[in-house]
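Data block below; observations after.
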Amino acid sequence: MDKVLEVQFSGWTATPRMPFILSGNAVCMHTPSYSLLLGLIGCCLGRTVNSEEVSLGFRYSFESVADDMETRQRLEFDGKKVKNHSKGSDAYMREFHTLPKLTLWLNRLDWKKYFENPVGTPSLGRSQDILKVEQVREVEVSTVKDGVVSGCMLPFSVGLEVGGQLVQLAESFEENEEVGSGRSPKSSKMFISIPHDSEVPVTFANLFKTHDEPSTTFYLHQFNA
């Protein structure tokens, strides 16, 4: 691989929610998940993006963590369809990140026009977590065996000595054929979410280094690998 597409985003707020926390406060992960990033890319393209179509790397950072109270419309699954919850809405506290910055690296140079003129309004988490596309460009990269990474998510393996949140996530989802029946996870894996302020040296597969000065090392995730 000689070149990748680099897309830089910024915003006022972001909510990369920690999954499976259903009571009490909604809390954030250090980074967004790969399924959330696929949704962000699909919003820019104006269609559902399947995981087989792209490999992606990212670096995510934010300034601080804050809390807000929100009303949510709860949903439930009756065995056939997703519908409004019988107990209605409720209020709860939700964490969010302020002044987020996100850089994506994609192996799809042919998608450049969609980020230059997105079909939808990109957001990271909630619909109000709107992102601005700061820059879209092609960058030259080289494969490296080791490097320093941060603000990213690595598949967990025994012997991986990095600090972060260890989470089990659906790597990606696919839409069910019947409208209103929700989505199905395609693959569930253990990942470690590395915060942006924790720069760690790693030896890992699929590491790449940009030719910029200063250069950036990132992990390019291949889905279902």
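Right, D67: farther than 26 Å from T210 by Cα, acidic (D, E) and exposed (fewer than 15 other Cβ atoms within 10 Å of the Cβ) or not? Working first, answer last.
Working: farther than 26 Å from T210 by Cα: yes; acidic (D, E): yes; exposed (fewer than 15 other Cβ atoms within 10 Å of the Cβ): yes.
In short, yes.
What strands (runs of 3 or more DSSP E), lying completely within region 82-128, carry at least 3 residues that are more than 20 Å from Y34 (Cβ to Cβ)?
Of the strands (runs of 3 or more DSSP E) lying wholly inside region 82-128, those with at least 3 residues that are more than 20 Å from Y34 (Cβ to Cβ) span 82-84, 90-98.
Of all residues in region 1-16, which are crowded, with 19+ Cβ neighbours inside 10 Å, modelled with pLDDT under 95 and not polar (S, T, N, Q)?
P16
Do you know which residues across region 71-90 are of a type in the set (A, V, I, L, M, F, W, C) and under 18 Å from S127 (Cβ atoms)? Step through it out loud before you land on a result.
Applying the first criterion (of a type in the set (A, V, I, L, M, F, W, C)) to region 71-90 yields 75, 77, 82.
Correct list: L75, V82.
When you go through K112, K101 one by one, which is the residue that is more than 30 Å from M69 (Cβ to Cβ) and surrounded by 14 or more Cβ atoms within 10 Å (Cβ to Cβ)? Working first, answer last.
Values: K101 fails: more than 30 Å from M69 (Cβ to Cβ).
Result of the check over K112, K101: K112.
For residues that are part of a loop (DSSP other than H, G, I, E, B) and exposed (fewer than 15 other Cβ atoms within 10 Å of the Cβ), tally how many sit in region 135-159.
Of the residues in that region, 3 qualify.
Can you tell which of S188, S172, S184, S198 is in a loop (DSSP other than H, G, I, E, B) and of a type in the set (G, A, S)?
The match here is S198.
Condition check ((1) in contact with a Leu (Cβ under 7 Å, 6 or more places away or on another chain); (2) part of a strand (DSSP E or B)) across all residues:
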position: F20; (1), (2): no, no
position: T31; (1), (2): no, no
position: L37; (1), (2): yes, no
position: L40; (1), (2): yes, no
position: C44; (1), (2): no, no
position: T48; (1), (2): no, no
position: F58; (1), (2): yes, yes
position: D68; (1), (2): no, yes
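The values are calculated or read from the model by the stated rules, or taken from the named source; none is laboratory data. Note that the coordinates shown come from a computational prediction; the quantities given were computed from them, not determined experimentally. Using ideal geometry, Cβ is built from the backbone for each residue, glycine included, and neighbour counts are taken over all protein chains shown.
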